[in-house]
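Undergrad: I'd like to ask you about the structure that follows.
The values are calculated or read from the model by the stated rules, or taken from the named source; none is laboratory data. Given the structure is predicted, the values throughout are model-derived calculations rather than measurements. Cβ placement follows ideal geometry from the backbone for every residue including glycine, while neighbour counts extend to all protein chains displayed.
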Amino acid sequence: MKGDTVIEKQESSVSDRVQIVTMLYDGAINFIDKAREKMDMGDSIGKSRFIKKTTAIVQELSGSINMEGGEIASNLKNLYSFVLESLSKADISNNRDALNDAEKVVEILREAWQEIQKAEQL
């Protein structure tokens, strides 16, 4: 019986981590939307603030990658680097396309994690 409790805790822990990652993606997408709104209003300070919040989330996600994960980990790291570069470009040069590119990648990653979350609930 005690072994069942350990297994249940491990499953719960993995499920919690997947949910946290999904929530971080949601936050990043929300901040990108707010940055875009500020950009459209000509509020460069507000735009930068929300891009910095998004950058912090992506840096945290990137830093949490277990690089022993092989090719998948390496590809994920490269995607995060692309997002960070796009966010920087959007901030420095008011580049709306770069902001949109960053958002597209984050949305795709969020969808993948949502699928993992659904699979764990089965």
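Undergrad: Scanning segment 64-122 for residues that are of a type in the set (Val, Ile, Thr) and surrounded by 11 or more Cβ atoms within 10 Å (Cβ to Cβ), which turns out modelled with the lowest pLDDT? Full working, then the answer.
TA: Restricting attention to segment 64-122, the residues satisfying the condition of being of a type in the set (Val, Ile, Thr) are 65, 72, 83, 92, 105-106, 108, 116.
Subset that is surrounded by 11 or more Cβ atoms within 10 Å (Cβ to Cβ): 65, 83, 92, 105-106, 108, 116.
Values: Ile65: 92, Val83: 98, Ile92: 97, Val105: 98, Val106: 98, Ile108: 97, Ile116: 86.
Of everything passing the filter in segment 64-122, Ile116 is modelled with the lowest pLDDT.
Undergrad: Okay, moving on. Right, Ile51: surrounded by 12 or more Cβ atoms within 10 Å (Cβ to Cβ) and on the phi < 0 side of the Ramachandran plot or not? Steps first, answer last, please.
TA: On the way: surrounded by 12 or more Cβ atoms within 10 Å (Cβ to Cβ): yes; on the phi < 0 side of the Ramachandran plot: yes.
In short, yes.
Undergrad: Does at least one position in segment 6-27 carry a residue that is crowded, with 18+ Cβ neighbours inside 10 Å, more than 11 Å from the chain's Cα centre (by Cα), at pLDDT 95 or above and part of a helix (DSSP H, G or I)?
TA: No, segment 6-27 has no match at all.
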